[in-house]
1. Taking N as the number of residues in the range 105-257, what is its Cα Rg relative to 2.2 N^0.38 Å?
2. Rank these residues by their accessible area, most exposed first, probe 1.4 Å: 176, 289.
3. Can you give the translational diffusion coefficient of the range 193-240 in µm²/s, computed by Stokes-Einstein from the Kirkwood radius over Cα pairs at 20 °C and 1.002 mPa s?
4. What's the magnitude of the charge dipole for the chain around its Cα centre, counting Lys and Arg as +1 and Asp and Glu as -1 at the beta-carbon? Answer in Debye, nearest 20.
5. Once ligands and nucleic acids are excluded and a 1.4 Å probe is used, how much of residue 192 is accessible, expressed in Å² to the nearest 10?
6. Would you list 75, 226 from the most to the least accessible area, probe 1.4 Å?
7. Rounded to the nearest 0.05, what FRET efficiency do residue 93 and residue 113 have when you use their Cβ-Cβ distance and R0 = 41 Å?
8. Under the definition of Cα pairs under 8 Å and six or more residues apart, what whole-number percent is the relative contact order of the range 173-249?
Amino acid sequence: MGGWFRIAAAAAVIHIAAAAVHIMCGSALAQPIFPSRPVHIFVPYPAGGGVDVLTRALGDVVARQWGQSVVVENRPGAGGVIASQAVATAPPDGYTLIMVASGHATNPFLYSKIPYDTFKDFTPVSLLASSPNILLVRADSPFKTLAEMISAAKAKPGSLSFAHAGNGTSTHLAGELLKNLARVDLTAVPYKGGAPAINDLLGGQVPMSFNNGPESVGQLQAGTLRALAVTTASRAPLLPDVPSMSETVPGYDTGVWWGLLGPAGMPSDVLARLSQDFVAALNTDAVKERLTKLGAQPIGSTPQQL
C-alpha cells in the first residue's frame, strides 16, 4: 500500500506542476507586446518650440515602427513643472512619457517647492540631442553685434529686455549668465515657450530673445530675424558666420539638452524597448538630417547615461 501511496503522491505533484507551468505559459502568452495602444508624450512647452519639434520628429518614426500612434500633448506652464507633475503621477507602464529640456534638472534649484522629486520620481530613457541657444533680434534692429547691444545696455541700465521660454529654462539662464558676465542690467520677460517669445520678438514687443536652434532656424533663413551670437563656447556648424558669445564675453558657455523620461518604476523590459527604439529613430537618416538642419546635435544615450 505504501508504494501505491508514494506513486499516487508523485503523480499528483507532477500534475500540479504541469498545471502551474500551463498557467504561467498561458499568462505569458496573454501579455500584450509593448506597445499595444497609443503612447502619449507630454511636451512642457507650446507647439513649434525646440522640444516640440524634436518630439514630433521622433514620434513619427517610432509610431511607424510600432504600428501604434504616438500622441504628442503640449502642456506648457511653470517652466515645465505642470507637465512633469502629470507624468510623475502617471502609471509606470511606458504609455505616458515626457520630453524635457535641461531646465527640468535645474528647477529644484530655482523653485522653492515643486510637487515631485526630480531625481526619484522619473525613469530616464535617453538623452537625445543638444543645441546651442541663440540671441536673436529683428532684422531691422539697430544692433548688428553683441558688443553694440552691450554698449547700449550699459549706457541706459534697465532699458533693454529679453524674451525667454519661461523661468528656469535654459534660455532664461542664458540671459542671466550674460547679465552676470557682461555686467549689464537687462529685464527678463518670461513666456510659456520659445515659439511665443519669437512671435513677440517679430511683433516688436521685445527687442531681443534667447531661443534654441530648432525654433529659430526658420526665421533666420527667412531673414526676419538676425542672430547676434550663439551661446556655446565655439561657433555652431549650422551658423558658422555667427560669433559665439564667448568671443565678446570671455568665459560664456551654455546650451540646452533634451531627454526622454517616464514615471519612476517602469518595468525593465519596457524601458529597454523605449530606449532602443527612440535611439534607433534618432539615428535614422531622416531624423538626423532634420535635426542637423535645425541646429541640433543628435546624441542618443543609454538610460544610465541620462
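The values are calculated or read from the model by the stated rules, or taken from the named source; none is laboratory data. Everything numeric here is computed off the predicted structure, so don't read it as measured data. Because the Cβ atoms are built from the backbone with ideal geometry, glycine has one as well, and the counts that use them run over all protein chains shown. Keep in mind that these areas ignore ligands, DNA and RNA; they rest on the heavy atoms of the full protein, side chains included. Shrake-Rupley method; radii C 1.70, N 1.55, O 1.52, S 1.80 Å.
1. With N residues counted in the range 105-257, Rg over 2.2 N^0.38 Å equals 1.04.
2. Result of the area sort, largest leading: 289, 176.
3. 189
4. Computed charge dipole of the chain: roughly 120 debye.
5. Here the residue's solvent-accessible area equals roughly 130 Å².
6. Heavy-atom accessible area, descending, gives 75, 226.
7. Efficiency at R0 = 41 Å is approximately 0.90.
8. 21
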